[in-house]
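Data block below; observations after.
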Amino acid sequence: MKSSVTFVYVSGWCPLGEFAAFLNAYALLLRHLPPARVPLCTAHNGVVDRARRICERRFGSRSVAALDDAETGRVFAHFEARRRFEMRRFRTFTPQDLGQLRADLDRFSGRMYEDWYERWRVDGEAAVPPIEPVGADERMAPGVQFVPHVLPYRYPFTDRIEEAA
C-alpha cells in the first residue's frame, strides 16, 4: 500500500484566494511527496467547485467525486445487487430489482466504479472511491488529490465565509 500525506485546509473567514495562496506556498513540497491529499473543509457547498478549479489549475489535480451519504448508499446497494447477480442468486431479484440493476450498471460504469467495486468486495462499506485524474494525462498528474468536505454544521469561524468568498 502506498503512503500518502494529508494537508487539511479549513475555509473560514478568508476568501478562496487564501486557499490558492496556501496551495502556492506548499506546491513544491506537495509535488515531491508521495500522493498528497488536500481536504478542503467548508460549511458552504458553494465554494467547493471554485476551490476544485483552483486546485486543478495549480496541479492538474486528481480528485475524488464528492458523494453525499445518500449517493454512496445507492452505490453500495448497487454493488450488493451486482454481487448477488454475479453469484447467480437470481431468485433474490424481483423484476423491478433487475430493471434497477440494469439502470445502475449503466449509471455506475467506468474504471472508477470498477476499481471501487473491487475494493468493496474486499473491504465492504469501508472502501472509498478511488482517485480519478482530472483534466490531465494520468502520467502527468502529480498525485495531489483535492477532497472536498462540507461540514454538516456552521461553526463560529465559518459564519462570514459568504461575505469573504
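The values are calculated or read from the model by the stated rules, or taken from the named source; none is laboratory data. From a predicted model like this one, the values you see are computed outputs, not experimental measurements. SASA here: full protein model, heavy atoms, side chains in, ligands and nucleic acids out. Shrake-Rupley method; radii C 1.70, N 1.55, O 1.52, S 1.80 Å.
Annotations for the structure displayed:
- Computed lengthening from Asp115 to Met87, 0.36 nm per intervening residue step minus Cα-Cα distance: 8.2 nm
- Ala36 long-range amide H proximity, modeled H, under 5 Å: Val5, Val144, Gln145
- When Arg111, Arg82 are compared by accessible surface with a 1.4 Å probe, the order from highest to lowest is Arg111, Arg82.
- Rounded to the nearest 10 Å², the accessible area of Tyr26 at probe 1.4 Å: 90
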